[in-house]
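All remarks here apply to the structure that follows.
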Amino acid sequence: MYHQLKIDITQLSLLLLNYYIFKIVHIVCKYSFVSKGLLDMGFKGLLDEGECKMQSLILTADGLQLADTPMPPLMPGDVRIEVRSVGICGTDLAIWKGDFEVELPLVLGHEFAGVIHESSDPDIEPGTLVTCDIDISCGRCWYCRSGARQNCANKEILGITRDGGLSEYVCVPADIIHPLPYGVSTSDATFAEPLASSIKTHQQAPADDDEPIVILGSGKLALLLAQVYDANGADVHIVGRNRWQLGLAKQLGFQHTYDTIENDWKSDILKITHGVGPRIVVEATGNTDGISMALDVVRNGGIVAMKSIHGHQFSINPSTIVARELTLYGASRGPFDQAINMLSKGRIEVKKLITKEFKLEDGNKAFEFASQPSVTKVIVNI
Ligand SMILES: [Zn+2]
Ligand SMILES: [Zn+2]
């Protein structure tokens, strides 16, 4: 016991020493090599031209800018990740377009994976490939104390309320880290977050074996949801309006796809659901039209699982929900461990979902490319 305590104190002292060295270097940097550009952008950290510098893709009011930023100091309880792969998702695009408001400047990127660079936790060794949760919960509020950390009232969200992964390095608490098993690359692991949230949707609204369910949308999230429902035995029908993405769905083995531009998709769906519509409709279109479509086709007493985050308002007549006895679910978080397990068993195809990969210095091009309608998933490699 005494021995253990001694080790902990030694480790803590080393970490504190490490932190103060960083601070001293930063103060030296502050009065030597101040980068005015970044200061103008509102960055509180200051730069040097020495080893504490790294590159980050920062979203400012003037758009994305690649800039030198201070390397984050390792605080007790944290690990520093050398980021390798970052996925650009619909939420990143909504923030980039200004539809989803956040405080700027901000380093985007919440779907990322990399290698441990430095760790304050002896159980997580440098060199380990990892991904991490998107939320940093406070550990003190009612939710945290009740075992519902995902609903924390004061949580910080990587890449949304605090700097995310589009940087060479990022520090996060060790308890949100997930090591990657053999065979799961950092590029694969960028799918862990949306896959986890897809698994959560399936847990909220599980389908019976061979039960026809409808997924609205054909983007990355829709195709992950489709694979999760399919792996659990549902008869998946994908409704979209992008021919290229629907073709990709077919390549993934989904034969029941409906192009809303070419087909009377609703009557086709009604034909296979006794004329009343499916019991479960998953809305993953990324726009408000999808909610109208979902409410239109779901059967009375059915479930609409909502997945889109786009920042737009939509009005619903609540009487419809009440009178038709509908259930609406929302899920944006899910079990990472199960997602990584599915990836490692090869039960989810993710490589085919990657349309193109970019380097960090081409971040602007990556976002512009990712915002095109036919694009499924864009990865930024660092
Ligand atoms: Zn995302
Ligand atoms: Zn909390």
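Nothing in this text is a laboratory measurement; each read-out follows from the coordinates by a stated rule. Everything quoted here is computed from the prediction, not taken from an experiment. Every residue, glycine as well, gets a Cβ built from its backbone with ideal geometry; the counts of neighbours run over all protein chains shown.
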Worksheet item: Where a ≥ b ≥ c are the square roots of the eigenvalues of the C-alpha gyration tensor, would you call the range 194-330 rounded, which needs a/c under 1.5, or, failing that, prolate if a/b is larger than b/c, or oblate?
Response: rounded
Discussion item. What percent of all Cα-Cα pairs in the chain falls into each 20 Å bin, going from 0 up to the bin containing the maximum distance?
Written reply: 26, 54, 18, 2
Worksheet item: Over the chain, what is the percentage of antiparallel beta bridges among all DSSP beta bridges, to the nearest 5?
Response: 60 percent
Worksheet item: When the helix-only estimate is applied to the chain (DSSP H runs of n ≥ 4, each -39,500 (n - 2.57), divided by the residue count), what is the mean residue ellipticity at 222 nm, nearest 500 deg cm²/dmol?
Response: -9500 deg cm²/dmol
Discussion item. If R₀ is 35 angstrom, what is the calculated FRET efficiency for the pair residue 142 and residue 185, using the beta carbon separation as r and rounding to 0.05?
Written reply: 0.35
Worksheet entry | Point-to-point label distance, residue 289-residue 264, nm (Cα→Cβ direction, 7 Å offset) | 1.9 nm
Practice prompt. In whole angstrom, note down how far apart the Cα centers of the range 181-210 and the range 302-333 are.
Written response: 22 Å
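By the scheme Lys and Arg +1, Asp and Glu -1, what is the net charge of all other residues having a beta-carbon under 13 Å from that of residue 300?
After counting each charged neighbour, the total is +1.
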Fill in: Counted charge near residue 277, where neighbours are those whose Cβ lies closer than 12 Å (Asp, Glu -1; Lys, Arg +1)
+3
Discussion item. Here is the link list: 155/351; 266/345; 97/352. Which ones come out longer than 28 Å on Cα distance?
Written reply: 155/351; 266/345
Worksheet item: With the chain treated as a Gaussian network of Cα nodes joined by springs under 10 Å, which of 125, 211, 262 yields the largest mean-square fluctuation?
Response: 262
Discussion item. Can you list which of the DSSP-assigned H helices in the chain have a Cα extent of 20 Å or more along the long axis and an average Kyte-Doolittle score of at least 0.5?
Written reply: 2-32
Worksheet item: For the chain, what's the relative contact order in percent, using C-alpha pairs closer than 8 Å and at least 6 residues apart?
Response: 16 percent
